[in-house]
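What follows is calculated from the coordinates using simple rules that are stated; it is not laboratory data. Predicted model only: the values in this text are computed from it and were never measured. We place every Cβ from the backbone using ideal geometry, glycine too, and count neighbours over all the protein chains shown.
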Amino acid sequence: MTVYIIGAGLAGLSAAVGLAGAGGDVEIIEASAQAGGRCRSYVDPVLDMTLDNGNHLVLSGNRDTFDYLRRIGTDDCLEGPADARLDFHDVASGESWTIRPNDSALAWWILSESRRVPGTRPGDYLALLSLLLARTHRTIGQTIACRGGLWDRLVEPFLLAALNTEATSGSAALAGAVIAESLARGGKAYRARIAHPTLGAAFIAPALDYLAARGSRVRYASPVKSLAFAEGRVSAMILADGPIPLASEDSVILAAPPWISETLVPDLKVPQIFNAIVNGHFKMAPPPGLKPIVGVIGGTAQWIFAFPDRLSVTVSAADDLADQDREALAQALWRDIAKVHGLTDALPPWRIVKERRATFAATPEQNTLRPGARTAWRNLVLAGDWTATGLPSTIEGAIRSGKTAARLTLNLRRDA
Ligand SMILES: Cc1cc2nc3c(=O)[nH]c(=O)nc-3n(C[C@H](O)[C@H](O)[C@H](O)COP(=O)(O)OP(=O)(O)OC[C@H]3O[C@@H](n4cnc5c(N)ncnc54)[C@H](O)[C@@H]3O)c2cc1C
């Protein structure tokens, strides 16, 4: 009675941890030579250091993420400020400011001029309530006024990062879901959290240890080429070195990306448009006291992160940038870092990482293409940040989808 999980990204690992924790027999089948998928760390030969494929920010209120981390014993591996304060710098005007939300859901910080975004009024913030009630087919631009100080200096950068989609065309419903789980719950739910020292150390390696300790197995470098179906169920998984036949009580959780999943399951509808994320890593120990996270307004860089051994930049919805020359990109991103942090223009050793299909485009149209976890086949369940989690393509969405898949699989077994 084995559950086969196709894909060792966060969705697959979350499902595996849930099932193995409940005493299930689990085998993960992963196409690449390592686990983690789009959330992975690797040793970079150019910088001679361990890098994350991208800086991944989660929020303190991401409940499923913290449940997962607690299970694998690494909830203390995410670091960040003691409150929800966030620093910003406008590279065109040279102006810097810090928002300082209070912890409770009663958002009195917007009444305080020294805590809210400079140049905004308390009433500006109430407009965000419309996103909480947004209909599924509406864009953000059709729901709120996408202009003014609050938009330019907080809402647009926040939603661009959360949706990885140009904010006005993003899904108002997905934006509303993010706000409902973060801003609407008060500052305690949206303290920024980053994996230290790496994504691999916080999210991936300890999950693999947790699984190994419970007898679960992982096959690497073994892409599933196709699935065989018979009598309303998956009857075998076909790998390069032959089929793995499924016994009548075995089941499958398909946690591969959408562009692979649609080739494995007949008539599966999946999102078709994807957006890039570009990260720049610069090898340099930051001077003492440097702000750990800064939102950049009006630059090429969008968010600058300070790690003990490097400064890193993230740019979302970066399809145009992903087509550009790496050297020119490194120069442009470093110019922004130098302006924000008052450093010299001399470019430190750098690495640009382009993830072209980082997430699905979080538009209303693409959102409607996301399938639920259940399928027409009795022993097949879907997982992945692209399934209908109600959230955009995020760590929280991926982990939640895995949790749902594990629960449905356990139910299938009870019903059998
Ligand atoms: C650069 C970047 C920055 C990001 N920043 C953030 C952030 O700040 N905050 C946040 O919340 N989210 C962020 N995300 C999104 C987050 O990384 C993803 O939502 C999450 O990792 C998706 O996990 P997944 O398991 O659904 O998919 P994946 O990670 O894609 O996992 C799918 C797995 O399936 C495997 N696979 C593929 N084909 C097969 C096959 N045929 N057989 C077997 N296995 C197969 C793949 O190798 C992979 O391991 C970012 C993503 C990127 C790329």
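Observations, loosely collected:
- Each of 230, 289, 348 was placed along the dipole of the chain (beta-carbon charges, centred on the mean Cα), and the one lying farthest toward the positive end is 230.
- Positive-end extreme of charge dipole, the range 46-127 - chosen from 47, 102, 73 (charges on Cβ): 102
- When the helices of the chain are scored as -39500 (n - 2.57) per DSSP H run of n ≥ 4 and the total is divided over every residue, the value at 222 nm lands at -7500 deg cm²/dmol.
- A straight line joining the Cα centroids of the range 310-345 and the range 356-416 runs 34 Å.
- Förster-model FRET efficiency, 41 Å R0, residue 219 and residue 129, C-beta, rounded to 0.05: 0.25
- Angle of helix 10-21 to the longest C-alpha principal axis of the chain, folded into 0 to 90 degrees and rounded to 10: 50°.
- Between 105, 388, 255, the residue with the greatest mean-square fluctuation in the GNM of the chain (Cα pairs under 10 Å linked by springs) is 105.
- Site pair residue 388 and residue 95 shows an inter-label distance of 4.4 nm when each label is modelled 7 Å from Cα along Cα→Cβ.
- Total charge dipole magnitude, the range 102-190, about the Cα centre, Cβ charges on Lys, Arg, Asp, Glu only, Debye to nearest 20: 140 debye
- Lys, Arg +1 and Asp, Glu -1 on Cβ, resulting dipole of the chain about Cα centre, debye, nearest 20: 840 debye
- Label-point separation in nm, residue 108 to residue 326, each point 7 Å along Cα→Cβ: 5.2 nm
- Looking at the chain alone, DSSP beta bridges between its own residues are antiparallel in about 70 percent of cases.
- Packing order of peptides 28-41, 279-292, highest average first: 28-41, 279-292 (average count of other Cβ atoms within 10 Å over each peptide's residues).
- Reach of residue 339 by Cα under 22 Å, taken over lysines that are not fewer than 8 positions away in the same chain: 283, 291
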